[in-house]
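Scroll down for the structure; my scribbles are underneath it.
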Amino acid sequence: MSTAPEKHPNLDFDPDALREKYREERDKRLRTEGNDQYQEVEGKFAHFVDDPYVEPGFTREPLTDEVDVIIIGGGFGGQLAAARLREAGVHNLRIIEKGGDFGGTWYWNRYPGAQCDIESYMYLPLLEEVGYIPREKYSFASEIKAHAERIGKAYDLYSCACFQTEVKEMRWDQEAGLWTIRTDRDDAMRARFVIISGGPFNRPKLPGVPGIEDFQGHTFHTSRWDYAYTGGDETGNLHKLGDKRVAVIGTGATAIQCIPHLGRAAQQLYVFQRTPSSVDERGNKPTDPEWVKTLEPGWQRQRRENFSDVLAGVTDVDLVNDGWTDIFRKMPNLLAPGEKDESLDPEEIARAVELADFEKMNQVRKRVEATVKDRETAEALKPWYRQFCKRPTFSDDYLPTFNRPNVQLVDTQGRGVERVTPRGIFANGTEYEVDCIIFATGFEFGTAYTRRQGFEIWGRDGLALTDYWQDGPRTFHGYASRGFPNLFHVGLLQSGFSPNFTTVADDQTQHYAYIIQQVRERGYQRVEPSAQAEQEWVDTIKNLSLDSLEFLEACTPGFFNNEGKPRAGNGPVENQYGPGINAFHRLMAEWREDGDLKGLELS
Ligand code: NDP
């Protein structure tokens, strides 16, 4: 594609040179192993996912009873499912949750500085229903977790929760028309309907490097922060690290938030980087009480829909005004005069978006230069890829941390650390001796669904979901699969996508509550999609998602593009409904309005 800068007098960069640079940086990082490069947290690594927040020794009698609906997962998705079912008049529920309380991601991720990167007024669910307004534009983890507890109380969810319980398998009993769920507590519970909401980031992963088990010092994953070792709490003050040499592996959204606290506290901090994050301004601020007074009923949905519309580029009104929406606000200024009419063809639009992206990332890179004093470190911290190749991050403290004398960036030029030794980390031909290694290496995302959930799902005639989805998810409208009756999935599977996960979950769970209510009201016991409806939806997703594949292929590897293999079939992002979440929501609303449950078979 030729894009001559002179056609755009307001451009002060060379798009071709940037494209070439992005390609080079991506190629450095492409690995044939893709997702398989990572070390699965099992066997000798299983202790990395022990729950540090509960007292050991909890026991209870196994449960073998029957309920109407079992929800697997007590994060926001599971809570929304339960809340929406309660609102629909379905009360005989049970929530099974691995952790010791509600919260999901926010139960596990209590690392210092943990904060939602989506505006809290949109991210925290059910705000209007429970009458709560977050204290700040971006809430910190403790406020979010408290909100999960608030929802638990408001919807009487504690009375139906089975905490500290991990599902081991679920199996469909065709004769009884029930699911049997077996757990690590020897339960064999039965349920007419099951909703799985395991969360998008539920299974921590480790870098695929040798030697982790031989390290003689202390280690943990950020999602199981060890405050007994570091001292302090989610607000920081990690006072026990004053005499410790600490290494962090990873520089994603989590690392960006905890590294400023580690930099303040550790005697010496080494940050091992494979790919720099795009770090934009955070600009957090307290909630304005005057603004709260202006809110009308329905404001939260309106705000969420506006956010999705801004990201889809279909509105000029921006209620959210933050780093996510910034890039889309900038776009019109980059179009050459006379190009702003709606007759632009898709290629022209794509070019304009790319230019806006270049500009945005130039701004992000200039911010690094302006903040980080050491030239070499600043250069290494510059991200060379399009903004949405990786989840953009936002922090006002991360970059200045590298000006501290006790903090050293170890940039591995896309190679990653080579190995862990008994005394530390080996990278770039040097051994860095440390007392503690913190793995900020994220979570499984593109691996098989059942592996991420941690259990197999056996449908009709002993069909395993792992096998049925071998070549990628197969669903009707993102939640139901042929051969797996009365089973609903919450999450990023062939439905509308938003970086705000609670938007996705809220729309989905309202839909599922409607279906379950309808099946019961109409006097049926089973529901599953017809083979034809499922196939049509799979085709719809494939056809409509093609646009993003080219974009993802040009991206540096990460979980958005299935670690550089967006066409591998199991990739979560390309399996989304292309026209966007608002369009998906409208489609589901029309489907409900039709009232004939088209595509579903009831018996
Ligand atoms: P990520 O997957 O984003 O980051 C993992 C990091 O580990 C990357 O920097 C990766 O490098 C690095 N890494 C992996 N292997 C190696 C290696 N061998 N050597 C060196 N580095 C390595 O995980 P996060 O936990 O940071 O974030 C996961 C997601 O969780 C986010 O994208 C976000 O959606 C969510 N999150 C949300 C927050 C919120 O506010 N709502 C806050 C924090 C997280 P590379 O980039 O090269 O792969």
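Computed quantities for the displayed model
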item	result
Estimated dipole of the chain in Debye, rounded to 20 [Cβ of Lys and Arg +1, of Asp and Glu -1, Cα centre]	1040 debye
Listed residue (587, 599, 446) projecting farthest to the positive dipole end of the chain, Cβ model	446
Point-to-point label distance, residue 10-residue 540, nm (Cα→Cβ direction, 7 Å offset)	3.8 nm
Value of [θ]222 nm, deg cm²/dmol, for the chain, DSSP H segments ≥ 4, -39500 (n - 2.57) each, nearest 500	-10000 deg cm²/dmol
Under 5 Å, built H, 5+ apart or other chain: amide partners of residue 464	459
Under 27 Å from residue 28, Cα to Cα: lysines that are on another chain or at least 8 residues apart	205, 360, 366, 373, 382, 390, 565
Other-chain or far-sequence residues with amide H under 5 Å of residue 236's (modelled H)	113
Added length on full extension, which subtracts the Cα-Cα distance from 0.36 nm per residue, residue 467 to residue 296	56.8 nm
Estimated vicinal HN-Hα couplings, Hz - the range 191-202 in sequence order (Karplus 6.51, -1.76, 1.60; Gly, Pro = x)	8, 5, 10, 10, 10, 9, 9, x, x, x, 10, 9
Radius 9 Å from Cβ of residue 218, net charge of other residues (Lys, Arg +1; Asp, Glu -1)	-1
Antiparallel %, DSSP beta bridges [both residues in the chain], to 5	40 percent
Computed FRET value (nearest 0.05) for residue 531 with residue 288, which takes r as the C-beta separation and R₀ as 45 Å	0.25
Separation of the residue 136 and residue 419 label points, Cα + 7 Å toward Cβ, nm	4.3 nm
Under 5 Å, built H, 5+ apart or other chain: amide partners of residue 280	393, 394, 395
Sites residue 601 and residue 173 - FRET efficiency at Förster radius 22 Å, r taken between beta-carbons, to 0.05	0.75
Over the chain: Rg over Rh, Cα atoms, Kirkwood Rh	0.95
Percent of Cα pairs exceeding the 17 Å cut-off, where the set is the range 3-79	78 percent
Span-rule helices in the chain, defined as complete DSSP H runs reaching 27 Å or more along the axis (Cα) with Kyte mean at least -1.0	346-371, 501-521, 531-553
Spin-label pair residue 28/residue 347, simplified geometry with 7 Å Cα→Cβ offset, distance in nm	3.2 nm
Inter-centroid distance (Cα atoms) of the range 163-225 relative to the range 440-508, Å	14 Å
Given charges at Cβ of Lys, Arg, Asp, Glu: the chain dipole, positive-most of 312, 273, 529	273
Neighbourhood charge, 12 Å Cβ-Cβ cut-off, centred on residue 63 and excluding it, Lys, Arg +1 and Asp, Glu -1	0
Counted charge near residue 242, where neighbours are those whose Cβ lies closer than 15 Å (Asp, Glu -1; Lys, Arg +1)	+3
Those trypsin sites (Lys or Arg not before Pro) in the range 362-421 that DSSP places in a loop and that have at most 15 other beta carbons within 10 Å	373, 415
Sites residue 321 and residue 19 - FRET efficiency at Förster radius 35 Å, r taken between beta-carbons, to 0.05	0.70
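Here, each number is a calculation from the coordinates, and none is a lab measurement. Since the model is a prediction, treat every value here as computed from it, not as a measurement. Here the Cβ is made from the backbone with ideal geometry for all residues, glycine too, and neighbour counts use every protein chain on show.
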